[in-house]
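To start, the structure itself, in structure tokens.
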Amino acid sequence: MRIFARPHQIPPRVAAGVFILNSGIGKAEADEQTATGTHGMAVGTYPFLGKHDPRTFTDLLSKAEVALGVALLAPMVPSLVAGAALTAFAGGLIGLYLKTPGMRQEGSLKPTPAGLGLAKDVWLLGIGLGLVLEELGDRVASPYRGQ
């Protein structure tokens, strides 16, 4: 596994990392109403999250976003690891977009005005998948390189 990010991987990692880190820091300061809204939206798509109270859920989400943001920003975190974490996180966001009523136009993947904020998270999925596929592709193409 490559230890440092390659130079061309740094710009998308920084773009995603700064965005997610900022989101996590913002959630750390969330008031009760914001925590309840964040939790309610998540539970609507992922009912198993209902066992957490809104404040605990939002605190955990905040910590996860901060950790992911830092991992993306730290070039010593392997791109395969950072990309896999970003892909999983973005997959959850895309799940919210696809499963939450009112986010998409009826019978379409096109976002409604309310869904635009979640639909744009597809770029996070693209960055994560790009990092993972590049790193895995190198392993397939040259399994003995770097040994």
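A short reminder: the numbers here are calculations on the coordinates, not readings from a lab. Remember, predicted model here, so these are calculated numbers, not experimental data. Every residue, glycine as well, gets a Cβ built from its backbone with ideal geometry; the counts of neighbours run over all protein chains shown.
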For the chain, build the charge dipole from Cβ charges (+1 Lys, Arg; -1 Asp, Glu) around the Cα centre, then report which of Pro101, Leu21, Gly91 sits farthest towards its positive end.
Gly91
Hey, with R₀ at 35 Å, roughly what FRET efficiency would Asp59 and Thr112 work out to, going by the Cβ-Cβ distance, to 0.05?
0.75
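If the chain between Gln33 and Gln105 were fully stretched, how many nm would it gain, using 0.36 nm times the residue separation less the Cα-Cα distance?
Between Gln33 and Gln105, full extension yields 23.2 nm more.
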Provide Rg and Dmax in Å for the stretch 6-47, with only Cα atoms included in the calculation.
14.5, 42
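Per DSSP H run of at least 4 residues, take -39500 (n - 2.57); add these up for the chain, divide by its residues and hand me the 222 nm value, nearest 500 deg cm²/dmol.
-22000 deg cm²/dmol
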To make sure I understand, if each residue's beta carbon is the centre and we count other beta carbons within 10 Å, what order do Tyr97, Tyr46 fall in, fewest to most?
Tyr46, Tyr97
Once you keep just the Cα pairs under 8 angstrom separated by 6 or more residues, what percentage relative contact order results for the chain?
27
Stretched fully, the stretch from Ala74 through His52 gains (0.36 nm per residue minus C-alpha distance, one decimal, in nm) 4.9 nm
Please report, in debye to the nearest 20, how large the charge dipole of the stretch 10-138 is about its Cα centre when each Lys and Arg carries +1 at its beta carbon and each Asp and Glu carries -1 there.
240
From the phi of every residue in the stretch 33-49, what ³J(HN,Hα) in whole Hz does the Karplus formula 6.51 cos²θ - 1.76 cosθ + 1.60 yield, where θ is phi - 60° and glycine or proline is x?
5, 5, 4, 5, x, 4, 5, x, 5, 5, 5, x, 9, 10, x, 4, 6
Which of Ser62, Ser23, Ser108 has the fewest Cβ neighbours within 10 Å, and the rest in rising order
Ser108, Ser23, Ser62
For the chain, fraction of C-alpha pairs farther apart than 19 Å, in %:
57
